[in-house]
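Beneath this line is the structure, given in C-alpha cells, with notes to follow.
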Amino acid sequence: MSFNVPDDLRYLESHEWVHTDGATARVGITDFAQDELGDVVFVELPDGGDNLTAGEAFGVVESIKAVSDVYAPISGTVTAVNESLFDRPELLNEDPFGDGWMLEVEVGDEGELDELLSAEEYRDQIV
Amino acid sequence: MTSPYAPHTATETEAMLEAVGVNNIEALFDVPGSVAFDGDFGIDAHGERAARREAAKLLGRNDDLTEFLGRGHYTHYVPSVVDDLSTRSEFLTSYTQYQPEVAQGFLQALFEYQSMLVELTGLDVANCSMYDDATALGEAATLSQRVRSVSGETVLVPAYLREGKRAVLANYVDGPGLDVESYPMVNGQADVDALADAIDEDVALVYAETPTVRGVIEERLADIGALAEDHDALFCLGSDPVALALLERPADVGADVVVGDAASLGTGTAYGFGLGMFVTREEYLRQVPGRLVGAGEDSDGRRAYTLTLQTREQHIRKERATSNICTNQAWVALRTAMHAAWLGPDGLVDLAEDCVTRPRDLAARLDDVVGLQAPVHDGHHFREFVAHTDQPARAVVDDLASEGYAVHEIGEHLIQVSATEVTAEAEDGLIAAISEVAK
Amino acid sequence: MLSGHFDLAVPPPGIETAPSSRPTSLTLDTGVSRVRYKQASWTDDGDRYEPLLSEKAPKTVDIEDSPLPEELTRDSLELPAPAEPELARHYTRLSQMNYGVESGPFPLGSCTMKYNPSFTEDIAALPSAAVHPARPDSTVQGTLALSYRLQDYLARIGGMDAVTLQPPAGAAGEFTGIGIAKAHHQHNDDDRSEVVIPDSAHGTNFATAAMAGYDVVELPSGDDGRVDIDALEAAVSEETAALMLTNPNTLGLFERDIERIADIVHDAGGLLYYDGANLNALLGRARPGDMGFDVMHYNVHKTFATPHGGGGPGAGPVGVTEKLAPFLPAPHVREREGDDGRGDYEYYRPDHSIGKVHGYYGNWPVLVKAFAYITRLGDSGLADASAKAVLNANYLAERIPYEVPFGPFHHEFVASAGEQDAADVAKGMLDHGVHPPTTKWPETVAEALMTEPTEGESRRSLDQLAAAFGAVHGEDDGTLAAAPTRTAAGRIDQVSAARTPQLSWQALDSDD
C-alpha cells in the first residue's frame, strides 16, 4: 500500500506533518497515520492562544480501535483551530493534508524545522 | 469422579484422543515435572443433593434475626418477576457484549438502565455499572485527575462516612497520590460553613451524600456544589435510586458526578453485594471509567445497541485506560432496571415517600420508650435514623439480638435503626423488645 | 443434512457462500452436521427492534404533597410504567435476542465460558445466605464458616497460604494483589516504581499497575510465544515491584521456564504475580504456589463456573504466600480460639492490612456459587474439568482449517485467520449458531482467533463448532463483510455509534 507523502511538508517520526508559509505553520497527521488509526471518531485540540512545545503532545485522535496522542512538530502559539473536525472527525481520514488539517501556529523558532524529517526521510520510515 | 459438567463418554474421550494423536490426556499437559502437582487438594466430591445439604448446613449456622440495618446496604421488597426474568439463561449465562449482533437483548436492557439513571440524576452519561458505591467513589476521585479544569490533589469527604467506603477510597487515591481529608458535620449534615473554611484551590473533589450515612437528608447541597465550583473542584454526590426518585435532582444542585449503590432495587439483602452507580456530565464522557452502551444503527438501518467508546477501556488503552475495570455488575444492573420498571415512577415515588415517613414515625415511637431519645439529629430522615440510649449501646444491641432483632451500634450511647417496608410487620415487636432492654 | 459425512462445501439453507476449496482432512465421521440457526428478533416497525420501555409505557408523575418541603424535592419523575405482563414480555423478548452458554458453544478465548450448574443458584438464594453485612460476627457464623471453608479450598487449589475473598472481580483482584505487593515493599522501606508485564498479557494487568501508581515495563514475547528470558533479565531491576504473568499464557502455552523466571524476579527483590485467568487449564496438575508465585487472583467465573451475567458480577479472590498474609485486605476470616459461645469464626484485621477494595465483603452470592461448585466437584471433578478442557481445545484445533502457530497449548489456542479479517470471521461464525472466539488478540498472532471451548462441550458440539469455523473459512471476504445475517440485528456500525454517542433514551429524543 502506498501513502501520500507530499514533498513540500516536513514530518515527525510520530506521523505529524507541518507546512510553513512565512510565520504561520499548519499542522496535521499524515495519510499513513489516519490509515493506521482507522475511522477517526473524535478529535481533541487545544484552544486558540495556547502554546505548543515541539515534541510535546497537544491533542488526541481517537478511532474505534485506538487512541493516539498528537505531538507538536514545532513550538508556537495556536492562531487557528480546525473546528470542523469536532463535528466531522472523518475529515482526518478523507483529506489528512487538506480539509483534515488541525491547527495553525505562529512559529516561534524556525530553526526547529530543520530537526524534522523531509518527505523522503519520512517515506523511508513508513515503508 | 469425572466432572458432571463435562459431557464426554469414555468412548468419546478415546476417539478424541485418537484424533489428536495422543494416548492419554496427561500427554497433552506440557508441565515440567519440577513444578507438577501430584498431591491432593483434600476436597471431597459430592452429589448435587449432598452439596446443597453441605452448604445449607453451614449457612444454617447464621442466626435468624430481623434486621433493622442499613448504613449503605438496604433491603426493599423485590418482586418475584425480577428473579424469574433475570435468571433466564440467555441473560444469566451470557458474556460481556463483545458481539453485539447476538447480544441485543442485554445491551438494550443496559441502555435502559443507563437511561433510568440519567432521568434520576438529571446528568447526561451513566455507565453500565461499577462494583459498588465505594469503588464508584474511588473512581470519581481518580476521574478528577483527568479533568483539565481541576488542578487540586485533595478529596474532601464528610466526617460521617461509612468506614468501608473511606477505606476503599484510600486505596483508589493511593496510586495517583491524592490526599483525603474530612470536613465536619453538624446535626447529621454537612457543616457548610466549616466546609467553606476548609476548601481551597488544592481540592480536586468534594464529596457529599444525601441521605447521609446517618440517614439525614442534606439540605444545603446547592451551597456545597457552589463551593466546589468556585474552587475548580468537582462535586461528587452520593445517593441511591430510591432517594433520587424524590429528592432534588443532582444536576440542579451542581453535581458533576453521582455515585452510590443501586442494588437496593432488584437485589435483596445480600451481605453487601452491591451495584455501583456512576453518572456524570457529558463533558467528562471520555474520562468515564467502565463500559458504556450506545445506540447506533445496524446494516438493516434499524436502531441497535453496542458497547461504545471502548478506547477508554483497559483492553485497548492498557496502562492509559480510565480504569482497570472489566467485569462489572451488569446482571445486578439488569435486575435494578427490572425492579424500577415494575415500580414505575409512581411506585418509586411512593416507595421513597415511605422511606421518609416510616423512620419519622418509628423514631417518634422509640422516643416514647424509656431510656431512648430519637431521632438524635433534627431534619428529615430517609430510611434510618440515630437514637440515643441511656444504657450502653453495646448492651442494648446485644440484648436486642438475643430477642431476635438487629440494629447498628454506632457509638457508646448511639444506635442506628433502619426501617423499610420489609420490616413493617416487625416494628411492633422491635418496640416491645427495645422497651425491655433500653430502660 | 444428517449424514455419515460432513461436507464443508455445502452451506446450510439460507446461507450463501462462495464455492471453496475444502480441506480434505476435515471430513468428519461423527454423523454431525452444521447447525441451522436463526436468532429471534422482534421488531415493531422499520427502524427499530423491540421498542424501549420508555417508548412502550412512558409515564410522568409530578411530585406533590410529599412529606418533604418542596425545596428538597424534585418536580417530577418520568420513567416507564409497564404493567407486569408487559414487563415480563419485554424482558423475555430481550432475552430471546441474547446468546448465552445455554444457547450454544461459546469458545471465547481467555473468558472461559463454561456451563454454569443450576443448583448453585439455589444455594446462593437460600434465605440463610441473605444476611446484612453489618451483623455482628457471632450472629453470622454460617457466613463466616462458608467463607473460611472457601478460603481454605482456594488456598489448596492455588498452593497459597492465605486467601481473601473481598475483590469483586478479577481486575479488582489484580488491584488487590498489586496493592499487597506495594505494601510489602513499602513495609521493607524498599520503594520500587515498576511492574513488568508481557506484551501478550490481559489489558487489565497494565491498567491495574498504572492505577496502583506504577510505571509499566512491557516485556516482548520470545519467538516461541513464551517469556523471553534475556528480555526478562534486561527488564527486571531493583525498580521491579512485580512481574505479572499468567500461566499457561494467553497463547495457551505453559511457561516452561517458570522456575527460572521466578528466580530472576525474586533475585531482584521483586514479587511474582499470577493472573488466574487461565487456571482452568491446570487444576490438579500444577499450582501457582509451587511454581514460585507469591500472590495470585482467582477468577471464580472462569475456573469455578459462576455465571458471568452478561458482564458481571464476578469475584476475584486473592491468594498469597505466608510472608504476604499480613498485608491482606481487612477484615479477614479466621478461626476463633476459646469457647465463649461467640462462635467458631471471627473477622480480624491483618497486621499490615492494605485496607479495603470493596465497601463490604465482595460479591457474596458469587462466592457462595463458587463454594457450591468446588464442593460438588472435589479433587477428582476439578482435575477432570481441566483434563477435558485441554482435551477439547486440542481436539477442536485438529478439526479447524485455520493454522495454530504456537503449541503445545492447553485449554485454549490462538489460530490465525490468515488472509481473512479475524473480526469478519467472527461475524460470519455468528450465523452458525455458535459464539465466535476472541479476535485480534493477542497481537503476537496475526488476525488472532483465540479459542477456548471449555470442558462443557461434547464431541458432537465441538464438531459442530469446527463446522462453523470450516464454513466461514470457505467464505469470501464480501460474504463475511455482510455477515451476520441470521442474528437478532445485522452488523452494527461501530464508527457512527462512536462518532455520535447516544447513551440514553433521552439522547435519542434530543436528536429527533
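Once each part is reduced to its C-alpha centroid, what is the distance from the range C:250-264 to the range C:155-233 in angstrom?
Between the Cα centres of the range C:250-264 and the range C:155-233 lies a distance of 14 Å.
Could you report the buried accessible area between B and C, both sides summed, computed with a 1.4 Å probe and given in Å² to the nearest 100?
For chain B against chain C, roughly 15400 Å² becomes buried.
Would you check the accessible area of A:Glu83, probe 1.4 Å, heavy atoms only, in square angstrom rounded to 10?
Only protein atoms counted, so the area is about 120 Å².
Using a Förster radius of 41 Å, what is the FRET efficiency between C:Ala481 and C:Asp122 based on their Cβ-Cβ separation? Nearest 0.05, please.
The calculated FRET efficiency here is 0.35.
Applying 1/(1 + (r/R0)^6) with R0 = 56 Å to the Cβ-Cβ distance of C:Asp75 and A:Val60, what FRET efficiency is obtained, to the nearest 0.05?
0.90
Run the quick spin-label model on A:Glu110 and B:Glu421: label points 7 Å from Cα toward the beta carbon, then report their separation in nm to one decimal.
About 7.8 nm separates the two model spin labels.
Between helix B:330-367 and chain B, what is the angle of the helix's C-alpha long axis to the longest principal axis, kept within 0 to 90° and rounded to the nearest 10?
30 degrees
How far is helix B:48-59 tilted, in degrees, relative to the longest principal axis of the Cα atoms in chain B, given as a value from 0 to 90 rounded to the nearest 10?
Taking Cα atoms only, the helix is inclined about 20 degrees.
So, in Å, what gap is there between the alpha-carbon centers of the range C:367-408 and the range B:219-273?
Using only Cα atoms to place each centre, the spacing works out to 45 Å.
Going Cα to Cα from B:Lys57, which lysines come in below 24 Å? Please leave out same-chain ones fewer than 8 positions away.
C:Lys369
With every protein chain present, what is the per residue accessible area of chain B (1.4 Å probe, Å²)?
Per residue, chain B has an accessible area of 32 Å².
What number, rounded to the nearest 500 deg cm²/dmol, is the helix-based mean residue ellipticity at 222 nm of the protein assembly as shown, given -39500 (n - 2.57) per DSSP H run of at least four residues and division by all its residues?
For the protein assembly as shown, the value works out to -10000 deg cm²/dmol.
Just check the range B:1-50 against the gyration tensor rule for me: Cα atoms, a ≥ b ≥ c as the square roots of the eigenvalues, rounded for a/c under 1.5, and otherwise prolate or oblate depending on whether a/b exceeds b/c.
The shape class here is oblate.
Could you state the accessible area per residue of the range C:144-375 in Å², with a 1.4 Å probe and every protein chain left in place?
With all protein chains present, the range C:144-375 gives 27 Å² per residue.
With every atom except the alpha carbons ignored, what do you get for Rg and Dmax of the protein assembly as shown, in angstroms?
Every Cα atom of the protein assembly as shown included, Rg and Dmax give 29.2, 93 Å.
For each pair in B:Lys165/C:Lys440; B:Lys165/B:Lys318; B:Lys318/C:Lys427; B:Lys318/C:Lys182; C:Lys38/C:Lys302, compute the distance between the two Cα atoms and list the pairs where it is over 31 Å.
Flagged as over cut-off: B:Lys165/C:Lys440.
Using a 1.4 Å probe on the protein chains only, how many percent of the accessible area of the range A:10-116 belongs to carbon and sulfur?
Of the solvent-accessible surface of the range A:10-116, carbon and sulfur hold 38 percent.
Can you give the angle from 0 to 90° between the axis of helix B:221-230 and the longest principal axis of chain B, with both taken from C-alpha atoms, to the nearest 10?
Roughly 70 degrees between the two axes.
If you take the beta carbon distance between A:Asp47 and B:Ser80 as r and set R0 to 56 Å, what does 1/(1 + (r/R0)^6) give as a FRET efficiency, to the nearest 0.05?
With a Förster radius of 56 Å, E is 0.50.
Of the heavy-atom accessible surface of the range B:238-397 (probe 1.4 angstrom), what whole percent is carbon and sulfur?
Here carbon and sulfur together make up 42 percent of the probe-accessible area.
Run the accessible area of chain C with a 1.4 Å probe and give the carbon-and-sulfur part as a rounded percent.
Reported share for carbon and sulfur atoms: 43 percent.
Take every DSSP beta bridge whose two residues both sit in chain C, then give the antiparallel share in percent to the nearest 5.
60 percent
Which of the three applies to chain B, rounded, prolate or oblate, going by the alpha-carbon gyration tensor with a ≥ b ≥ c and a/c under 1.5 meaning rounded?
Oblate is the answer for chain B, as a/c is 1.5 or above yet b/c matches or exceeds a/b.
Tell me, how many Å apart are the Cα centres for the range C:109-134 and for the range B:386-439?
Using only Cα atoms to place each centre, the spacing works out to 32 Å.
Which residues of the range B:98-130 bury at least 40 Å² of accessible area once all protein chains are present, versus their chain alone (1.4 Å probe)?
Residues of the range B:98-130 that lose at least 40 Å² of accessible area once the other chains are added: B:Gln99, B:Glu101, B:Val102, B:Gln104, B:Gly105, B:Gln108, B:Phe111, B:Glu112, B:Ser115, B:Met116, B:Glu119.
Heavy atoms only, 1.4 Å probe, whole protein assembly: order C:His410, B:His8 by accessible area, highest first.
B:His8, C:His410
Quick query: amide H of B:Tyr183 versus all other amide H atoms, modeled in the peptide plane; which residues come in under 5 Å with a sequence gap of 5 or more or a different chain?
B:Val157, B:Ala159
Roughly what would the spin-label model give for B:Arg394 and B:Glu436, points 7 Å off Cα along C-beta, in nm?
Taking the simple label geometry, B:Arg394 and B:Glu436 are separated by 2.3 nm.
For the range B:402-417, take each phi angle, set θ = phi - 60°, evaluate the Karplus expression 6.51 cos²θ - 1.76 cosθ + 1.60, and give the result in whole Hz per residue in order, putting x for glycine and proline.
Each residue's phi maps through the Karplus curve to give 6, 8, x, 10, 10, 10, 7, 9, 10, x, 4, 10, 10, 10, 10, 10 Hz.
Going by a ≥ b ≥ c, the root eigenvalues of the Cα gyration tensor, does chain C fall in the rounded group (a/c under 1.5), the prolate group (a/b larger than b/c) or the oblate group?
Because a/c hits 1.5 or more and a/b fails to exceed b/c, chain C counts as oblate.
Using DSSP, restrict attention to beta bridges with both residues in the protein assembly as shown and report what percent are antiparallel, rounded to the nearest 5.
Among the beta bridges of the protein assembly as shown, antiparallel pairing accounts for roughly 70 percent.
For the range B:258-273, state which residues have at least 40 Å² less accessible area in the presence of all protein chains than in their chain by itself, taking the probe as 1.4 Å and leaving out ligands, DNA and RNA.
At a threshold of 40 Å² (probe 1.4 Å), the residues of the range B:258-273 that become less exposed are B:Thr269, B:Tyr271, B:Gly272, B:Phe273.
The values are calculated or read from the model by the stated rules, or taken from the named source; none is laboratory data. Quick caveat, the model's predicted, so the values are computed rather than measured. All Cβ positions, even for glycine, are placed from backbone atoms using ideal geometry, and neighbour counts span all protein chains on display. Surface accessibility is based on the protein's heavy atoms, side chains included, excluding ligands, DNA and RNA. Shrake-Rupley method; radii C 1.70, N 1.55, O 1.52, S 1.80 Å.
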